[in-house]
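The values are calculated or read from the model by the stated rules, or taken from the named source; none is laboratory data. Quantities reported herein were computed from a predicted structural model and do not represent experimental measurements. Note that we place each Cβ from the backbone using ideal geometry, even for glycine, and neighbour counts take in every protein chain shown. For the accessible areas, the whole protein counts, side chains as well, though only heavy atoms, and no ligand, DNA or RNA atoms are used. Shrake-Rupley method; radii C 1.70, N 1.55, O 1.52, S 1.80 Å.
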Amino acid sequence: MYCKGWRYYRDSTLLWVTFFVFLGLCGYALRYPVYWIAALLFWMLRIPFRNAFYFAHPYRRSNWISETFLDFREVTFNSRDGLTLFGRFLPGKNHATIILLHGLGDTNSNMLIHAEFLARAGYGVFMIDLRAHGSSDGDTSTFGLCEADDVAGAVDYLLHRADVNGARIGALGISLGAQAALRGALKTDKIRALVLEGLGPSILSDHGGRPRSLQRWANYPLNWLYYRFYEFMIRGRDAGVLEVIGRISPRSTLLIANGTKDIYFSRLFFEAAREPKELWELPKGELGGAILQDSRAYIQRVVTFFDKALL
């Protein structure tokens, strides 16, 4: 049974405190209008704190799965740092297996559409709930810092199965799942191919150096505060994507970018990555929704990538 830990209660208490302080400033402002400036500045300070809270402690959803033709086996396994995690496994005809990693606030059931087309292509699939999500343990989501141990634990589980070829393991992650896949691949060389969709920045330096546009200058202090608050909540800081993505080589990487913002970051990461690498841009797509924009092209691109890298 999942129980919230002390970090959640500490951070939620601080979030409520900031809200009541803001209300107090508004009360003073009704009598002394000059306090509206203080109230506005404090509200701007609360925005990155609130965003950091929802990233560190996402709402936990049920991992109920809709009707599907796939006969999954529900399993539990351990992350490398000792958490009990939940997943759904289906062996493949070609003994290659793809670990499917969901986005922030989602569960393994959100990867069902990916599991179905990969299973049709002969692949085994292992959909897991990352820590602090679904039916897995943990109360803090760390955007890849500790989720790397979740992915490495999933690989350890697969290596003990007779129906999995340990030399044919890949990973497909979306948003948080992309961060987890990237960091997990740094912990085990058994992941031979990665599809990273919606891979975003994890620290301020991932934004591409000094701001050059007015909008980026305006967002810079809020981004700086967000990362400081987030690092406080998760009690840690990892190296940025730009620093680590080149270490994946010579394993194959496919970056999928949806929309203008996602494309901006994916181009930075693609330039920092080493061969073999691919970048697929969908200018009209939404974060994590590439398969919904053009499912036929998505399926063909992903399956062809895994076939080339693993088979």
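Taking the range 77-86 as the search range and keeping residues that are outside any loop (DSSP other than H, G, I, E, B), open to solvent by less than 40 Å² (accessible area, probe 1.4 Å) and touching a residue at least 60 places away in the same chain (Cβ under 8 Å), which one is nearest to Gly200 (Cα to Cα)? So the residue we want is Leu85. Of the residues that sit in the range 27-37 and are surrounded by fewer than 16 Cβ atoms within 10 Å (Cβ to Cβ) and of a type outside the set (Val, Ile, Thr), which one is farthest from Tyr226 (Cα to Cα)? So the residue we want is Arg31.
Elements of the type strands (runs of 3 or more DSSP E) sitting completely within the range 93-204 and holding at least 1 residues that are over 11 Å from the mean Cα position of the chain (by Cα) and of a type in the set (D, E, K, R): these cover 191-197. Find all pairs meeting these conditions: Cβ atoms under 7 angstrom apart; at least six residues apart or on different chains; first residue within the range 243-258 and within 19 Å of Arg168 (Cβ to Cβ) and touching a residue at least 60 places away in the same chain (Cβ under 8 Å); second residue in a strand (DSSP E or B) and acidic (Asp, Glu). Within 7 Å, the pairs are Leu254/Glu278. Looking only at the range 131-153, decide whether some residue is among the polar types (S, T, N, Q), open to solvent by 20 Å² or more (accessible area, probe 1.4 Å) and under 30 Å from Phe229 (Cβ atoms). Among the residues of the range 131-153, at least one is among the polar types (S, T, N, Q), open to solvent by 20 Å² or more (accessible area, probe 1.4 Å) and under 30 Å from Phe229 (Cβ atoms), which makes the answer yes. Answer yes or no as to whether Phe55 is under 25 Å from the mean Cα position of the chain (by Cα) and open to solvent by 60 Å² or more (accessible area, probe 1.4 Å). The answer is yes for Phe55.
From the list Ile245, Ile299, Ile234, the one residue that fits, being crowded, with 18+ Cβ neighbours inside 10 Å, of a type outside the set (Phe, Trp, Tyr) and in contact with a Ser or Thr (Cβ under 6 Å, 6 or more places away or on another chain), is Ile234. The selection criterion, being of a type in the set (Phe, Trp, Tyr) and part of a strand (DSSP E or B), holds for Phe89. Within the range 136-171, the set of residues being hydrophobic (A, V, I, L, M, F, W, C) and either in contact with a Cys (Cβ under 7 Å, 6 or more places away or on another chain) or closer than 21 Å to Asp238 by Cβ (or both) comprises Phe143, Leu145, Cys146, Ala148, Val151, Ala152, Ala154, Val155, Ala171. Assess whether Arg61 counts as being surrounded by fewer than 19 Cβ atoms within 10 Å (Cβ to Cβ) and of a type outside the set (Val, Ile, Thr). Answer is yes for this residue.
Of all the listed residues (Gly289, Gly240, Gly200), the sole one being in contact with a strand residue (DSSP E or B) (Cβ under 8 Å, 6 or more places away or on another chain) and either touching a residue at least 60 places away in the same chain (Cβ under 8 Å) or closer than 30 Å to Tyr8 by Cβ (or both) is Gly289. Just to be sure I understand, how many residues within the range 43-76 are among the hydroxyl-bearing types (Ser, Thr, Tyr) and outside any loop (DSSP other than H, G, I, E, B)? So the answer is 2. If you check Ala218, Ala272, Ala257, Ala193 for being surrounded by fewer than 18 Cβ atoms within 10 Å (Cβ to Cβ) and within 26 Å of Val151 (Cα to Cα), only one passes: Ala272.
Return the residues of the range 280-296 that are open to solvent by less than 80 Å² (accessible area, probe 1.4 Å) and under 18 Å from the mean Cα position of the chain (by Cα); say none if nothing qualifies.
Taking the range 280-296 and keeping what is open to solvent by less than 80 Å² (accessible area, probe 1.4 Å), we get 280-282, 285, 288-291, 294-295.
Correct list: Gly285, Gly288, Gly289, Ala290, Ile291.
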